[in-house]
Amino acid sequence: MAIVPLERKPLTLAERSYLPGIVGGLKTTLKHLFQPNVTMEYPEQRPALPPGYRGAPTLVKDPHGREKCVSCQLCEFVCPPKAIRITPGEIPADAPTAHVEKAPKEFEIDMLRCIYCGLCQEVCPEEAIWLQNQFSLTGYTREEMVHNKQRLYELGGTLPDPHLKWDKKLAAEVAGGASH
Amino acid sequence: MVDFYFNLHPIVQGLLKGLAVILVIFPIGGICSMAERKVSAWIQGRPGPNRAIPFWFAWVPVIGPLLQRLGIFHVMADGGKMLFKEDALPGHVNKFYFVLAPILAMVPALTTVTTVPFGAYVDGAGKVIPLALANVDIGLLAVFAVSSLGVYSIILAGWASNSKYPFLGGVRASAQLISYELSLTLSVVPVFLWINAPGTPGTLSLARAVEFQSGDWQGLTMASWGGVWFIFLMPVAALIFMVSLFAETNRHPFDMAEGEADLVGGFHTEYGAFKWGLFFVAEYAHMLIGSGVFTLLFLGGWNPLPWVPIATLASWLHIAHLPIVVGLLSIAIFLAKVIALIFFFMWVRWTIPRFRYDQIMKLGWQKLLPLAIANLLFYAVAIAVIQK
Ligand code: SF4
Ligand code: SF4
């Protein structure tokens, strides 16, 4: 490769005086002075969130209203800042979803610890925990910032479920004579 | 009412004038700081402060929201905050001088304002009488002499803070202000050489400088010189004066004394609340005075256009017999120019980066000072030839 020595021209007097540079800069800023704002006036205007946005983690129910979490505690283990605390519980035998066997008795996510990494969503075998669109969480006390199970379901709502695997399992069990 | 005022004891008059200055300068300082925030915001494509509004004012249609968008109420909120928040006195400072410094910053700022004429009216005899709180004959000298005392407050603040960044800020400020004072003074000498032609009574009055720029168009003769503003006659002098003014008022790109990137907050690092606010007001007052002096010396003062002095405008508008109207008009014209200059100060601040300290020293001593001297020599010779 040929080496091309670039000639470094000495600055002209006008350049050294810095004044044309300043005038050029002033022209640029003057143009910006009359251009529309690039910022958003936040509480009134909300940004359009892109799909896949990772807001606060929430718990969701399936379309039949069944809570999807089976308190396997994988998310609790994977959570890097240890923001999740789950108290597992059993589903009573007379409940319609008794075949799912387990559900969380209490489920807390400490939003002061959560780093919105999304690992809990990734690890969940039940697709029960989702990072959805809430990005503005405020509270007056630390306790308020610890989301309990009820609050997590409030925030999460219901998401469509293409698998409904527990319903399939129940159907298979019924068809196969419930042999276990 | 005017007679009543002039019949008062001189000391009462003086006190009233002092009160007027304080009542005018402090709000102006507040408004300037808001203007600065707004200008910076607009230049950076932001709306700037636009939230504060007293709830009862929000009911006023159109005007209420408009003032809110312009951040007018933030001025009051800021002022209130500055007055009422806790004024902590750090334990390691030299208390007496620490408290003295902001007061000392205000004194020259408020004093020089009084000597700057800000308008004029035409009296019965057709003579233009300048309006100033103290129209002293040494005009410019008084401004320079007193306003340069402002540097002591910065040095004192830096030293009394007893910590290293304020100290460095103070040292920088003192060196910088002393360096640029030379060019500042030298750049205005040609103006006064021109004014003090042989045979006329010598003066340094700022009003006299404006008078000299108040000539009518006399056709293409030498007499038309009188109507040209000095910025056109002496562009280099005006440039040097402007640059030195930036340095003297510690404005960007010369705000070495603050330089938050390298000195935290510079000389006012240890200050807070009202004491800090005083420094701020003093800075804006200096800017105001600097812009005023620049307007008077180089931009024709209260004359609306070159070759159109205020007296001519007044006779065009048929208001020459109403001294108060002419006075208000001249004040408005003068203020418009000063505001434009202050906007220029802010515009520059949000455009160019800060100089390095060695660049400032180099520019001051190796570029501006020789240029100012050469400029002075050139005009001295030229004026000697013209006015011989
Ligand atoms: S949210 Fe998912 S990963 Fe966490 S305990 Fe419930 S089922 Fe397991
Ligand atoms: S998003 Fe990350 S930090 Fe937050 S709860 Fe889930 S795993 Fe924990």
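The values are calculated or read from the model by the stated rules, or taken from the named source; none is laboratory data. On a predicted model such as this, the values are computed, not experimentally measured, just so you know. We place every Cβ from the backbone using ideal geometry, glycine too, and count neighbours over all the protein chains shown. The area values use the complete protein model at the heavy-atom level, side chains included, leaving out ligands, DNA and RNA. Shrake-Rupley method; radii C 1.70, N 1.55, O 1.52, S 1.80 Å.
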If eta is 0.692 mPa s and T is 37 °C, what Stokes-Einstein diffusion coefficient results for region B:94-386, Kirkwood Rh from Cα pairs, in µm²/s?
164 µm²/s
Rounded percent of accessible protein surface that carbon and sulfur make up, region B:94-386, 1.4 Å probe
75 percent
Taking the alpha-carbon distance from B:Lys275 and a cut-off under 24 Å, which lysines remain once sequence neighbours fewer than 8 residues away in the same chain are dropped?
B:Lys17, B:Lys38, B:Lys81, B:Lys85, B:Lys95, B:Lys164
Taking the Cα of B:Gln44, stepping 7 Å toward and past its beta carbon, and measuring to each backbone N in region B:329-364: which are under 11 Å?
B:350
Counting only protein heavy atoms and rolling a 1.4 Å probe, one gets per residue an accessible area for region A:56-169 in Å² of 57 Å²
Quick check: residue separation of A:Ile3 and A:Glu44 times 0.36 nm, minus the Cα distance between them. What number comes out in nm?
9.0 nm
Compute the longest continuous run of chain A that contains no exposed GluC sites (Glu not before Pro); treat a site as exposed when its DSSP state is not H, G, I, E or B and it has at most 10 other Cβ atoms within 10 Å.
A:45-180
When chain A is treated as a Gaussian network with springs between alpha carbons less than 10 Å apart, the largest mean-square fluctuation among A:Gly21, A:Gly65, A:Gly52 is found at A:Gly21
Is region A:56-169 rounded, prolate or oblate when judged by the Cα gyration tensor, a ≥ b ≥ c being the square roots of its eigenvalues, rounded requiring a/c under 1.5 and prolate requiring a/b larger than b/c?
prolate
Expected output for region A:1-43, residues with a loss of 20 Å² or more in accessible area relative to the chain alone at probe 1.4 Å, reads A:Tyr18, A:Leu19, A:Ile22, A:Leu26, A:Thr29, A:Leu30, A:His32, A:Leu33, A:Asn37, A:Val38, A:Thr39, A:Glu41
Cysteines, the protein assembly as shown, no other Cys beta-carbon under 4.7 Å:
A:Cys69, A:Cys72, A:Cys79, A:Cys114, A:Cys117, A:Cys124, B:Cys32
Highest GNM mean-square fluctuation among A:Pro47, A:Pro63, A:Pro88, for chain A with Cα springs under 10 Å, belongs to A:Pro47
Amide H within-cut-off set for A:Phe107, under 5 Å, with H built and near neighbours excluded
A:Thr87, A:Lys149
Dimensions of region B:8-48 along principal axes (Cα, Å, largest first)?
53, 10, 9
Among region A:145-178, those whose backbone N falls under 17 Å of a label point 7 Å along Cα→Cβ from A:His64 are A:158-178
For chain B, what does the helix formula give at 222 nm: sum of -39500 (n - 2.57) over DSSP H segments with n ≥ 4, over the residue count, nearest 500 deg cm²/dmol?
-20500 deg cm²/dmol
Longest exposed-loop-site-free stretch of chain B, with chymotrypsin sites (Phe, Trp or Tyr not before Pro), DSSP loop and at most 12 other Cβ within 10 Å?
B:57-388
Once label points are set 7 Å from the Cα along Cα→Cβ at both A:Thr158 and B:Leu141, what is their separation, rounded to one decimal in nm?
9.1 nm
Heavy atoms only, probe 1.4 angstrom, no DNA, RNA or ligands counted: give me A:Cys117, B:Cys32 ranked by accessible area, highest first.
A:Cys117, B:Cys32
Accessible-area order (highest first, 1.4 angstrom probe) of the listed residues B:Val281, B:Val325:
B:Val325, B:Val281
Taking the chain alone as reference and the full protein assembly as comparison, with a 1.4 Å probe on protein heavy atoms only, the residues of region B:337-384 that lose at least 50 Å² of accessible area are B:Trp347, B:Thr351, B:Ile352
How would region B:1-100 be classified by its alpha-carbon gyration tensor: rounded, prolate or oblate, with rounded meaning a/c under 1.5 and the a/b versus b/c comparison settling the rest?
oblate
State, in square angstrom and to the nearest 100, the accessible area buried between chains A and B, both chains counted, probe radius 1.4 Å.
1500 Å²
Selected from B:Leu193, B:Leu149, B:Leu15 as most flexible by GNM, with chain B as the system and alpha-carbon contacts under 10 Å:
B:Leu15
